[in-house]
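K.L.:
Structure provided below as structure tokens; questions to follow.
The values are calculated or read from the model by the stated rules, or taken from the named source; none is laboratory data. This one's a predicted model, so the numbers in the text were calculated from it and none came from an experiment. No Cβ is skipped: glycine too gets one built from the backbone with ideal geometry, and neighbour counts run over all protein chains shown. Heavy atoms of the whole protein, side chains included, go into the accessibility calculation; ligands, DNA and RNA do not. Shrake-Rupley method; radii C 1.70, N 1.55, O 1.52, S 1.80 Å.
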4 protein chains.
Amino acid sequence: MKVKVGIVGATGYAGTELVRLLMSHENAEIAAISSVSFEGKAISEVYPSYRFLVDLTCENADDVVEKSEVIFAALPHGLSQELAKTCFDKNKIFIDLGADFRLENEEDYKEWYKGEFIYKELHNSAVYALPELFRENIKGKTTIANPGCYTTGVPLAMAPAIKSDLVELHGIIADCKSGVTGAGRGLTQGSHYPELNEAFYPYKVATHRHTPEIEQTLSHLAGEKVTITFVPHLLPVNRGILSTCYLKLKNGVTKEQIRTAYEDFYKNEYFVRLLPDGQNANIHDVKYSNFCDVSLHIDERTGTLIAVSAIDNMVKGAAGQAIQNMNIVLGLDEKTGLTIVPPAF
Amino acid sequence: MKVKVGIVGATGYAGTELVRLLMSHENAEIAAISSVSFEGKAISEVYPSYRFLVDLTCENADDVVEKSEVIFAALPHGLSQELAKTCFDKNKIFIDLGADFRLENEEDYKEWYKGEFIYKELHNSAVYALPELFRENIKGKTTIANPGCYTTGVPLAMAPAIKSDLVELHGIIADCKSGVTGAGRGLTQGSHYPELNEAFYPYKVATHRHTPEIEQTLSHLAGEKVTITFVPHLLPVNRGILSTCYLKLKNGVTKEQIRTAYEDFYKNEYFVRLLPDGQNANIHDVKYSNFCDVSLHIDERTGTLIAVSAIDNMVKGAAGQAIQNMNIVLGLDEKTGLTIVPPAF
Amino acid sequence: MKVKVGIVGATGYAGTELVRLLMSHENAEIAAISSVSFEGKAISEVYPSYRFLVDLTCENADDVVEKSEVIFAALPHGLSQELAKTCFDKNKIFIDLGADFRLENEEDYKEWYKGEFIYKELHNSAVYALPELFRENIKGKTTIANPGCYTTGVPLAMAPAIKSDLVELHGIIADCKSGVTGAGRGLTQGSHYPELNEAFYPYKVATHRHTPEIEQTLSHLAGEKVTITFVPHLLPVNRGILSTCYLKLKNGVTKEQIRTAYEDFYKNEYFVRLLPDGQNANIHDVKYSNFCDVSLHIDERTGTLIAVSAIDNMVKGAAGQAIQNMNIVLGLDEKTGLTIVPPAF
Amino acid sequence: MKVKVGIVGATGYAGTELVRLLMSHENAEIAAISSVSFEGKAISEVYPSYRFLVDLTCENADDVVEKSEVIFAALPHGLSQELAKTCFDKNKIFIDLGADFRLENEEDYKEWYKGEFIYKELHNSAVYALPELFRENIKGKTTIANPGCYTTGVPLAMAPAIKSDLVELHGIIADCKSGVTGAGRGLTQGSHYPELNEAFYPYKVATHRHTPEIEQTLSHLAGEKVTITFVPHLLPVNRGILSTCYLKLKNGVTKEQIRTAYEDFYKNEYFVRLLPDGQNANIHDVKYSNFCDVSLHIDERTGTLIAVSAIDNMVKGAAGQAIQNMNIVLGLDEKTGLTIVPPAF
């Protein structure tokens, strides 16, 4: 017996990746998909790699809600709240890949997104669903805020160090590099092939909207307000985010303490692969998978922990994590549909 | 009950791709792998994307034969014959991804590979296993010659036209473009990143060893000796071969006749996706999959059929087709383990 | 004393490349540039690599004509005829990088471009300016039709063979592969980074507008009407066109005859580099330069000449050749401003 | 009258780039080049883009010294000291692109390079030649230590802030990303195309040999010992280094003070392009040029200056800067041979 799932916004990159991953999920079947731009069109016309394999035509969002028990939304920010309310009223599970329910504090939402919380109780009942950090909170919830891409990779790199109180909470830096699918399917000069190819640059330096979301997570872990410096860069690759995180070690903290903290924290986490000393996290090694690789490096000369994480921004940073969250909410094995071995090249 | 399979030469690119694909094959389990270069090492040390997921250590070839019912060999040309003989004597199924058993005529093998047939009866009992063209011959065989990459893509683009007698047999041209994994894991100046990046060039022009193999297949289809001009080029991408094939239409042959011939020929072939008129085969759409996309174009001004095929050289052009062949030999559903939807990006 | 040159359409890729190359031309100075999209803006705002180095602000086309002795136009097809007329009436040299004056036969223009010749005498006085083939015709002309990119690379690969009567005139095939700058600065899904990266495919198969232009050139060389099959493909690189051309050798023609014909034909051509036997033309080796590398290969098994040319589509295929033509018209050394050594990587 | 220059190690990437740049230097001519691997071979056989344009055959190092007034050495670390001594004794100018003369403190050299200073007086007379920071020291010197690539980009990003005493000297972080030519022409698994393509990872985290060299420069600027955290990453592009540098602002320091400090510091520096507020340094914009683009960003939430520099690692980070240094030593205009406009794509 498979659960019926639907995807609103299925022709954006995250939505399309959901389609692909759900096609091989043994406990789910896609009941309907929607797309504003491509309503009435087959998704395989938009993404020809799906030809003959995915027999789904874009309907509208109402149809999707009607036909599905679990609704994934991959919409531009600001468009999820009404849909979430509808799902809530119909007792359906709503998993939002957008930002509308990620920030707990409406003031932050107003400041960074220029929007407001329409249904405040709905926001109260929603959960920020980064499973490795907040798994227990997710169970039993029906409005699920799936984290963003940077906001998955950065906290997973830092969490054990912060939770274990081994690092200072000031001066934290996250220097992140993302593949271009993170910017979506929409055409921009910056994603025009000749202008991104052989290029590399930072963008939205210290002003990216994922900043308050990362800080919210780190603050929960620390038990106090944490502020960080966050600088994203655009990589000329399709997939992957590498986050190089710099944290000042507290006095006397040793390399071994750090490693032990990470090993303990992640010992039961299938999707976090803590690399042995001497190895480096690499986006190449997690492509198309839900894994987050973490490598640890200590700069003894300056007393700095350099924790590096690599994820596939479209999988662990979006669609894969959304499925992981669905599995949790439905009481399925968390790994269901997400066990592929990342290709070697 | 899963069949025990082994891979000799598991750390080359084709061998490693076999490992990845077989990990999710529901009717097979990898009993052993071997590697001359990495004997005693875990394959996940060589390919870190496999960390924690593939728990296999390289043994030697004898161990692999001993522990397995089906043995795949991904070896440099010339090294498979002895192994094939051993497998034959032990009544094991041998699937060779190298060239040793592909050419039926020993003279061709001598000319193009500078080798000879050591066990002539073994060559007689072997089968050239391109399933869409020679499926019936494969059943019941135990020494299986898996075709090369170009030698899969080119014949699949041309077969219906030749078989239906709609094109001339002289003047056939195959202009092919391959991703760099086709050249393997070995380091060369030509695959050094700064020298291949932003580059594109032909190589082994009209002298590539896949020429006689393609001609052997086309000759079987035509019922007479076919000679072609074959020019491979190297693409700055990891995966994929696009074959642009030029065939002179016989007098009076129409576009509709061509399409009908292809539709008939491939109507039951899951792995060949014949594209609608107006669409173009693209290596992007078959990445990581066993599909062969074929698009048809008629140049009415010159009376030329331009048939274009796209495959993933490591899957349909190597490891995936080898599994497809195993499935045939074992009487399994031919698609087993090979049904992934190619990612949209 | 430097000639004053102007560029109409300076912010498209070809126009911008003209700006770059003309900046180091010792006998020319850019008097004015124009752009419809960016009028009033500095070109260095559009292309930040020019910051502080190119102090030019986009004006309108009239200003450019007024201030310049030589006017280059890099406009979408169809927009050059009026501008050409204005320049003609003002006795200025007009070099058109668009297609409006390339086809000699108005019927071809109507068929392939859906336009018509507005000023027929102007068309009669214009010259198709591929210097290595038609140098003598260019001298003294003032309306110059600069060839397109494919239409430079393909004829240069074939010219000596055709001119020397060593090959058949039927069955000629040009299989071409172009970097993406050939498609210009305009945003399209096909040039969106995630969709072109790791992709490769043919487009406008046997229907590309450069077909009649190539045929016009080859027909002039042959002295009779030549029809070819032309298939362009899109490469995931910024610059470069590789043209793999297939021509049937006439009976008894030898490899040595072919080489001699090419050596004789190009012996005084600085910009054509005929490679020694055994080497392959590669777009990597001509990047950023006005060179056309040509390699020759004989398939003796099928009696086919495979002539391969590599050019930088933005230089020899557009802006560089336009400057070469200006040099010819002005009586300057043809190499002026075009002698850079292509970078090794 | 042109100065005769020679290049020892001309077939490595830095040496070859020197050849290319010197070919268009109006006051220099290449008298001889050498290469251990390719002695007796033409450089155009090694780098076919140079065919017919660079008529130089590799000799041995002695020949180069004999025939040249200025000797550039692009050798593996450790091999320059004897050559430098020879040049010194013969009153020739020696410009070393390797590391042998970069560190002033022999203890640092022993620790990081496991070597020792053979001719201590020679080390004393040598100068560390980063022109924008130490121009006055360079004049009149004959043993010139040309900085490394990271060690050019990082100090140029930070120098004005440190020199002006506007930032703290502890907690400085340099997160750098380099194109793969920085690793040279030698084949490694890490630069094998299929393994670097679509990959991104850090390497030699907090242990790279450029660390003491950067610190030496920053300490000179600060007037006291500075220790930093330096993490390099490998980018899947050919050229370019982007350095994202994090410095803690001193209390009360404003954005305006920072900008003024940079503007003053670089106001006469042709090769440093300080970008306006709101723009981001990008390796794309400096390709093939000797420019260093610097963009400034203030994170007011954490009081952090984020200074980003972009250089071409083979030009400003190696061969171009070596020529800039030669120009200084010879009393030429510092820009000679280095004024190309970086291509727009």
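K.L.:
Quickly run through region A:262-299 and pick out the residues that are in contact (Cβ under 8 Å) with a residue 24 or more places away in the chain, outside any strand (DSSP E or B), facing chain D (nearest Cβ under 10 Å) and over 21 Å from the mean Cα position of the chain (by Cα).
P.N.:
Selection gives A:ASN280 alone.
K.L.:
Please tell me if C:TYR119 is out of contact with any Pro (no Cβ under 6 Å at 6 or more places or on another chain) and buried (at least 21 other Cβ atoms within 10 Å of the Cβ).
P.N.:
Values: out of contact with any Pro (no Cβ under 6 Å at 6 or more places or on another chain): yes; buried (at least 21 other Cβ atoms within 10 Å of the Cβ): no.
When the stated conditions are applied, C:TYR119 does not pass them.
K.L.:
OK, next. For region D:104-116, how many residues are surrounded by fewer than 15 Cβ atoms within 10 Å (Cβ to Cβ), assigned to a helix (DSSP H, G or I) and touching a helix residue (DSSP H, G or I) at 6+ places or on another chain (Cβ under 7 Å)?
P.N.:
0
K.L.:
Okay, next question. Take the conditions hydrophobic (A, V, I, L, M, F, W, C), closer than 30 Å to D:GLY182 by Cα and in contact with a helix residue (DSSP H, G or I) (Cβ under 8 Å, 6 or more places away or on another chain) and apply them to B:ALA161. Does it pass?
P.N.:
Criteria not met by B:ALA161.
K.L.:
Check A:GLU69, A:GLU17 and return the single one that is open to solvent by 20 Å² or more (accessible area, probe 1.4 Å), within 23 Å of the chain's Cα centre (by Cα) and touching a residue at least 24 places away in the same chain (Cβ under 8 Å).
P.N.:
A:GLU69
K.L.:
Looking only at region D:82-104, how many residues end up being over 22 Å from the mean Cα position of the chain (by Cα) and of a type in the set (A, V, I, L, M, F, W, C)?
P.N.:
1
K.L.:
With respect to D:MET314, determine if the residue is in contact (Cβ under 8 Å) with a residue 60 or more places away in the chain, more than 27 Å from D:VAL167 (Cβ to Cβ) and more than 14 Å from chain C (Cβ to nearest Cβ).
P.N.:
Considered against the rule, which asks whether it is in contact (Cβ under 8 Å) with a residue 60 or more places away in the chain, more than 27 Å from D:VAL167 (Cβ to Cβ) and more than 14 Å from chain C (Cβ to nearest Cβ), D:MET314 comes out as no.
K.L.:
Quick check on my filter: what residues within region A:131-148 are touching a residue at least 12 places away in the same chain (Cβ under 8 Å), more than 15 Å from A:VAL315 (Cα to Cα) and polar (S, T, N, Q)?
P.N.:
Scanning region A:131-148 gives A:THR142, A:THR143.
K.L.:
Okay, moving on. Taking the stated definitions as given, is D:THR217 more than 28 Å from A:VAL294 (Cβ to Cβ), polar (S, T, N, Q) and out of contact with any strand residue (DSSP E or B) (no Cβ under 7 Å at 6 or more places or on another chain)? First the steps, then the outcome.
P.N.:
Working: more than 28 Å from A:VAL294 (Cβ to Cβ): yes; polar (S, T, N, Q): yes; out of contact with any strand residue (DSSP E or B) (no Cβ under 7 Å at 6 or more places or on another chain): yes.
Considered against the rule, which asks whether it is more than 28 Å from A:VAL294 (Cβ to Cβ), polar (S, T, N, Q) and out of contact with any strand residue (DSSP E or B) (no Cβ under 7 Å at 6 or more places or on another chain), D:THR217 comes out as yes.
K.L.:
How many residues does region C:173-217 contain that are acidic (Asp, Glu), at negative phi and over 21 Å from the mean Cα position of the chain (by Cα)?
P.N.:
1
K.L.:
Moving on to the next point. How many residues does region B:139-153 contain that are more than 14 Å from chain C (Cβ to nearest Cβ) and either buried (at least 20 other Cβ atoms within 10 Å of the Cβ) or under 14 Å from the mean Cα position of the chain (by Cα) (or both)?
P.N.:
10
K.L.:
Select from region A:208-251 the residues that are among the small types (Gly, Ala, Ser) and assigned to a loop (DSSP other than H, G, I, E, B) and write down the one among them that is most open to solvent (accessible area, probe 1.4 Å).
P.N.:
The initial filter retains those residues of region A:208-251 that are among the small types (Gly, Ala, Ser), namely A:219, A:222-223, A:240, A:243.
Filter once more, keeping what is assigned to a loop (DSSP other than H, G, I, E, B): A:223, A:240.
On the way: A:GLY223: 70, A:GLY240: 1 Å².
Among residues in region A:208-251 that are among the small types (Gly, Ala, Ser) and assigned to a loop (DSSP other than H, G, I, E, B), the one most open to solvent (accessible area, probe 1.4 Å) is A:GLY223.
K.L.:
Residues in region C:41-60 that are away from chain D (no Cβ under 12 Å) and open to solvent by less than 20 Å² (accessible area, probe 1.4 Å): how many?
P.N.:
Number of matching residues: 1.
K.L.:
With in a loop (DSSP other than H, G, I, E, B), closer than 23 Å to B:LEU21 by Cα and hydroxyl-bearing (Ser, Thr, Tyr) as the only criterion, which of A:THR339, A:THR302 stands out?
P.N.:
None of the other options fit; the residue is A:THR339.
K.L.:
Filter region A:300-311 down to the residues that are within 11 Å of chain D (Cβ to nearest Cβ) and of a type outside the set (S, T, N, Q), then identify the one that is surrounded by the fewest Cβ atoms within 10 Å (Cβ to Cβ).
P.N.:
A:GLU300
K.L.:
Residue pairs, Cβ under 8 Å, 6 or more apart or interchain, first in region B:22-40 and at positive phi and in the same structural domain as B:ILE7 (by TED's automatic domain parsing), second in a strand (DSSP E or B) and open to solvent by 50 Å² or more (accessible area, probe 1.4 Å). List them.
P.N.:
What qualifies is B:GLY40/B:THR57.
K.L.:
Something else now. Of C:PHE38, C:PHE101, C:PHE94, which residue is outside any helix (DSSP H, G or I) and either within 14 Å of chain D (Cβ to nearest Cβ) or open to solvent by 70 Å² or more (accessible area, probe 1.4 Å) (or both)?
P.N.:
So the residue among C:PHE38, C:PHE101, C:PHE94 that is outside any helix (DSSP H, G or I) and either within 14 Å of chain D (Cβ to nearest Cβ) or open to solvent by 70 Å² or more (accessible area, probe 1.4 Å) (or both) is C:PHE38.
K.L.:
Moving on to the next point. Which residues, counting only those in region C:72-91, are open to solvent by less than 90 Å² (accessible area, probe 1.4 Å), closer than 22 Å to C:ALA28 by Cα and either part of a loop (DSSP other than H, G, I, E, B) or not assigned by TED's automatic domain parsing to the domain that holds C:GLN321 (or both)?
P.N.:
Selection gives C:ALA74, C:LEU75.
K.L.:
For region B:181-194, enumerate the residues that are crowded, with 22+ Cβ neighbours inside 10 Å and within 11 Å of chain C (Cβ to nearest Cβ).
P.N.:
Hits for region B:181-194 are B:HIS192, B:TYR193, B:PRO194.
K.L.:
For the condition in the same structural domain as C:CYS87 (by TED's automatic domain parsing) and not aromatic (Phe, Trp, Tyr), what is the one hit in C:HIS123, C:HIS210, C:HIS192?
P.N.:
On inspection, the qualifying residue turns out to be C:HIS123.
K.L.:
Condition first: small (Gly, Ala, Ser) and part of a helix (DSSP H, G or I). Can you find one or more residues in region D:147-154 that meet it?
P.N.:
yes
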